[in-house]
1. Among the helices (runs of 4 or more DSSP H) lying completely within region 1-73, list those that include at least 1 residues that are of a type in the set (Ser, Thr, Tyr) and under 25 Å from ARG114 (Cα atoms).
2. Kindly indicate whether ARG22 is open to solvent by less than 70 Å² (accessible area, probe 1.4 Å) and under 24 Å from SER111 (Cα atoms).
3. So, in region 183-197, exactly how many residues are surrounded by 12 or more Cβ atoms within 10 Å (Cβ to Cβ) and out of contact with any helix residue (DSSP H, G or I) (no Cβ under 7 Å at 6 or more places or on another chain)?
4. How many residues, within region 113-146, are assigned to a loop (DSSP other than H, G, I, E, B) and either at pLDDT below 95 or open to solvent by 50 Å² or more (accessible area, probe 1.4 Å) (or both)?
5. Please verify whether VAL34 is among the β-branched types (Val, Ile, Thr), in contact with a helix residue (DSSP H, G or I) (Cβ under 6 Å, 6 or more places away or on another chain), more than 21 Å from PRO120 (Cα to Cα) and at pLDDT 95 or above, treating the condition exactly as stated.
6. Any idea which of (1) part of a helix (DSSP H, G or I); (2) in contact (Cβ under 8 Å) with a residue 12 or more places away in the chain is the one ARG195 doesn't satisfy?
7. Please determine whether any residue of region 75-96 is open to solvent by 80 Å² or more (accessible area, probe 1.4 Å) and polar (S, T, N, Q).
8. Filter region 158-182 down to residues that are over 20 Å from GLU126 (Cα atoms) and of a type in the set (Gly, Ala, Ser) and give me whichever is most open to solvent (accessible area, probe 1.4 Å).
Amino acid sequence: MAGLRERKKQQTRQLIADTARRLFADRGFEGVTVAEVAREADVSEATVFNYFPTKEDLVYWRLEAFEEELLKAIREREPGESALAAFRTFVLQRRGLLSATDPEAIKRLASITRVITESPALLAREQRIFAGYTESLAALLAEETRAKPGDIEPLVAANAMMGVHRALVHYSREQVVAGTRNPQLSRRVRAQGNRALTTLESGLGDYAIKTR
């Protein structure tokens with residue numbers, strides 16, 4: 001019975017999220033209320049908040065799993081492999097929009113991309129989520145390197161790596177809004193990511209030296 005209840009909860013969560021995404025795509029994030037999402041999904045407003053504590057969670061509810069996957073990739077890397085190398089492998093994996101080939105899936109992902117880029121509230125929430133990722137990654141790096149209390153090196157390293165991720169998200173969205181689709185989209189994003197991560201690997205000592 002527990003398995004059945006969990007499946008029903010997952011179905012309800014997905015129904016609410018799909019309904020919200022459709023409404024947001026039609027009218028924008030700020031143009032839709034939680035009450036309207038609840039009414040369209042045929043659930044109570046309280047039910048929506050039970051599954052999604054904030055309105056922004058209707059868009060970003062899967063990102064908690066992304067953070068867990070990121071930390072796992074760093075934590076479980078092979079002996080002798082650097083954190084940056086593991087981060088490169090993880091962040092350049094084809095997932096979501098970068099792996100989508102089905103026309104309907106691409107249409108849905110492109111639609112939510114536009115919703116996010118047009119919403120100050122969603123962009124602000126996303127930055128808070130990324131800041132949380134950075135803090136979690138810094139804590140893991142500090143633990144692994146046995147950094148002393150107050151040592152900023154793990155935070156600097158985490159900010160550098162997550163800075164690449166944030167930049168790639170921004171670049172991907174610009175490309176999607178401009179009409180770029182796979183496989184060209186994936187190739188462009190991976191090329192940009194490889195260049196940025198190679199810069200981190202080689203260090204910034206010789207980067208952007210002024211010539212005149």
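1. 2-27, 45-51, 57-60
2. no
3. Within region 183-197, residues that are surrounded by 12 or more Cβ atoms within 10 Å (Cβ to Cβ) and out of contact with any helix residue (DSSP H, G or I) (no Cβ under 7 Å at 6 or more places or on another chain) number 3.
4. Total meeting the criteria: 2.
5. So VAL34 fails the test.
6. Of everything listed in (1) part of a helix (DSSP H, G or I); (2) in contact (Cβ under 8 Å) with a residue 12 or more places away in the chain, ARG195 misses just condition (2).
7. Checked against the condition, which is being open to solvent by 80 Å² or more (accessible area, probe 1.4 Å) and polar (S, T, N, Q), region 75-96 yields at least one hit.
8. Residue satisfying both the conditions and the ranking: ALA178.
The values are calculated or read from the model by the stated rules, or taken from the named source; none is laboratory data. Bear in mind the structure is a predicted one, so any value in this text is a computation, not a measurement. Ideal geometry is used to build each Cβ from the backbone, glycine not excepted, and the neighbour counts take in all protein chains shown. Note: areas computed on protein heavy atoms with side chains; ligands, DNA, RNA excluded. Shrake-Rupley method; radii C 1.70, N 1.55, O 1.52, S 1.80 Å.
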